[in-house]
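Asker: Would you mind keeping the following structure in view while I ask a few things?
Each value in this text was obtained by applying a stated rule to the coordinates, not by laboratory testing. As the structure is a prediction and not an experimental result, all values here were calculated from the model. Cβ atoms come from the backbone with ideal geometry, glycine included; neighbour counts cover every protein chain shown.
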Amino acid sequence: MGKLSRRADEIRPSPTIGMNMRAEQLKREGRDVIPLSLGEPDFHTPDNVKAAGIAAIQKNFTKYTATEGYRALRDALADKLKKDNGLTFAADQIVVSTSAKIVIYSAFLSILDSGDEVIIPAPFWVSYPDLVGLAGGVPKIVPCPDQANFKLTADQLEKAITPRTRALVFNSPNNPSGAIYTQSEIRDLAKVLAKHPEIWVVTDELYEHIVYDNHKASSFASVAPELADRIITINGFSKGYVMTGWRLGFAAADKRVIKPMADFISQMQGSPSSISQAAALEALTGDQSFMAENRATFQARRDLVVEQANGIEGLSALRPSGSFYAYINCEGWIGKTSAEGRLLETDLDVAEGLLMEASVAIVPGTVFGLSPYFRISYSLEVNLIREAMRRIAEFAKGLR
């Protein structure tokens, strides 16, 4: 039998996808599992965007586009970045790809050599460390607990930097915590980075349109324009535009790094889907009133989840400023035993207990780099959320 690579032995599937698959399997077996583990909006793609995709097919817009993306879409993205983010980019400073994940990976491939360190504040999106590792880098995790509002401070950043540091991953609004950095907090981080010209900033802004309470998610590059030539701004259409299945992400940066990113993407996947790009162009230029409606719905669900979580003994939750997740502290449950005799030594045990005893699927904080917490997605119908929180409360009552 042929020998597998070291990468094949070390790579792991996405933990969030894994939890969703377990929940689906239990549902197929007849269990009434409520999936609070989902990482996508439960709304549907807007009708005008769907119609643009259908029209693209009918008009035979089904061939390869440029590998870096359809020019009209990149022009529209340049307009969007100017209008929404205060950033000025030409079309040749933008690359479009099948998902933000591929874009992030291409960024790491373009800026990292073997052994280079990447600072990743925790909690983090589960794929960051794996993508860094696949690119030959070394993840350097910096814990940012709820006492710090799940945010990296300038002092923490300064202490984490070593001669091997080549990048900082910055994610605001954050998955899984929903934390949003203020402009003042970004400026403080930028002051540290200004002293280290060899360090890139890879900023993931995928949840920029899902914000609450009059918060605004500021782009790192707009707040720190002096660092613009080493900031890679990454975004996509999956969350705010409700286009998860269309698989489309993009990056904007200095041509010095966009060029190799585009070249890596061209080798890994070729051009992105022409049909998805046609739909994305409509998403950018067409009616966007649905965003305000979606935000209002998410905000009401957020308030429900936070209120109920804080009323359950042993749990506590900060109020997320953005995204559609709550990152819940379950330290008060650790060391206790469930009604069915399950010892909760870690948040992995908490996740297993809730799944098997309460039929609620959540994602343990361990996979986001910060324990003991778990992530709840409130991207499902409100009555299901109420029932899920009731089940979690019943589980808590059985702990001893």
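Asker: Could you run the Karplus curve 6.51 cos²θ - 1.76 cosθ + 1.60 with θ = phi - 60° over the range 24-40 and give me ³J(HN,Hα) per residue in whole Hz, x for Gly and Pro?
Answerer: Result, ordered by residue: 5, 5, 5, 5, 5, 7, x, 7, 8, 8, 9, x, 8, 9, 5, x, 9 Hz.
Asker: Where does the chain land at 222 nm, in deg cm²/dmol rounded to the nearest 500, when only DSSP H runs of n ≥ 4 count, each adding -39500 (n - 2.57), divided by all residues?
Answerer: Value at 222 nm, helices only, nearest 500: -12500 deg cm²/dmol.
Asker: Something else now. On full extension of the chain, what length is gained from SER114 through ASN214, given 0.36 nm per residue of separation minus the C-alpha to C-alpha distance?
Answerer: 31.8 nm
Asker: Under a plain spin-label model, where a point goes 7 Å from the Cα along Cα-to-Cβ, how far apart in nm are ALA194 and THR62?
Answerer: Label-label distance for ALA194 and THR62, simple model: 5.5 nm.
Asker: Which residues' amide hydrogens lie under 5 Å from the amide hydrogen of ILE34, considering only partners 5 or more residues apart or on another chain, with H built in the peptide plane?
Answerer: Here VAL360, ALA361 satisfy the definition.
Asker: Let me ask something additional. Compute the signed sum of charges (Lys and Arg +1, Asp and Glu -1) over the other residues within less than 15 Å, Cβ to Cβ, of ILE102.
Answerer: -2
Asker: For a quick check: with amide H placed at 1.01 Å from N, whose amide H comes under 5 Å from GLY240's, ignoring anything fewer than 5 positions away on the same chain?
Answerer: HIS209
Asker: If you don't mind, another one. For the range 301-400, what's the relative contact order in percent, using C-alpha pairs closer than 8 Å and at least 6 residues apart? Intermediate results must be reported in sequence, preceding the final value.
Answerer: On the way: 176 pairs, mean separation 29.7, N = 100.
Normalised by residue count, the contact order of the range 301-400 is 30 percent.
Asker: Rounded to whole Å, give me the distance from the Cα center of the range 196-237 to that of the range 330-400.
Answerer: About 32 Å separates the Cα centre of the range 196-237 from the one of the range 330-400.
Asker: Test of understanding: what is the full-extension gain from ALA339 to ASN383, defined as 0.36 nm times their sequence separation minus their Cα-Cα distance?
Answerer: My answer for the length gained is 13.3 nm.
Asker: Can I ask one more? Tell me, in nm to one decimal, what length is gained between ASP229 and ALA393 on full extension, where the rule is 0.36 nm per residue of separation less the Cα-Cα distance?
Answerer: Extra length available between ASP229 and ALA393 comes to 54.1 nm.
Asker: Relative contact order for the range 11-153 using alpha-carbon pairs under 8 Å, separation at least 6, rounded to a whole percent?
Answerer: That works out to 16 percent.
Asker: Pull up the cross-link candidates among the aspartates and glutamates for LYS191, meaning alpha carbon to alpha carbon under 12 Å and not fewer than 8 places away within one chain.
Answerer: ASP155, GLU158, GLU226
Asker: From a point 7 Å beyond the Cα of GLU352 in the direction of its Cβ, which residues of the range 307-338 have a backbone N at a distance under 20 Å?
Answerer: Answer for the range 307-338: 330-338.
Asker: Mean separation of Cα pairs under 8 Å and 6+ residues apart, divided by the residue count of the chain: what relative contact order is that in percent?
Answerer: It comes to 23 percent, rounded to a whole number.
Asker: Mind checking which aspartates and glutamates have their Cα closer than 13 Å to the Cα of LYS336? Skip sequence neighbours fewer than 8 apart in that chain.
Answerer: Filter leaves GLU313, GLU345, ASP347, ASP349.
Asker: Of LYS82/LYS195; LYS80/LYS255; LYS216/LYS239, which ones are farther than 21 Å apart at the Cα?
Answerer: Those over the limit are LYS82/LYS195.
Asker: Right, here's the next one. So, by mean Cβ neighbours within 10 angstrom, what's the order for 55-67, 83-95, 315-327 with the highest one leading?
Answerer: Highest to lowest by the protection proxy: 315-327, 83-95, 55-67.
Asker: Something else about it: Can you grab the distance from the C-alpha centre of the range 172-190 to the C-alpha centre of the range 61-95, Å, no decimals?
Answerer: Here the answer is 25 Å between Cα centres.
Asker: Whose amide H sits under 5 Å from the amide H of VAL142, counting only residues 5 or more places off or on another chain, with H placed in the peptide plane?
Answerer: ILE120, ALA122
Asker: Taking a cut-off of 20 Å between Cα atoms, list the aspartates and glutamates near LYS63, but don't count ones fewer than 8 places away on the same chain.
Answerer: Here the aspartates and glutamates satisfying the reach criterion relative to LYS63 are ASP75, ASP263, GLU282.
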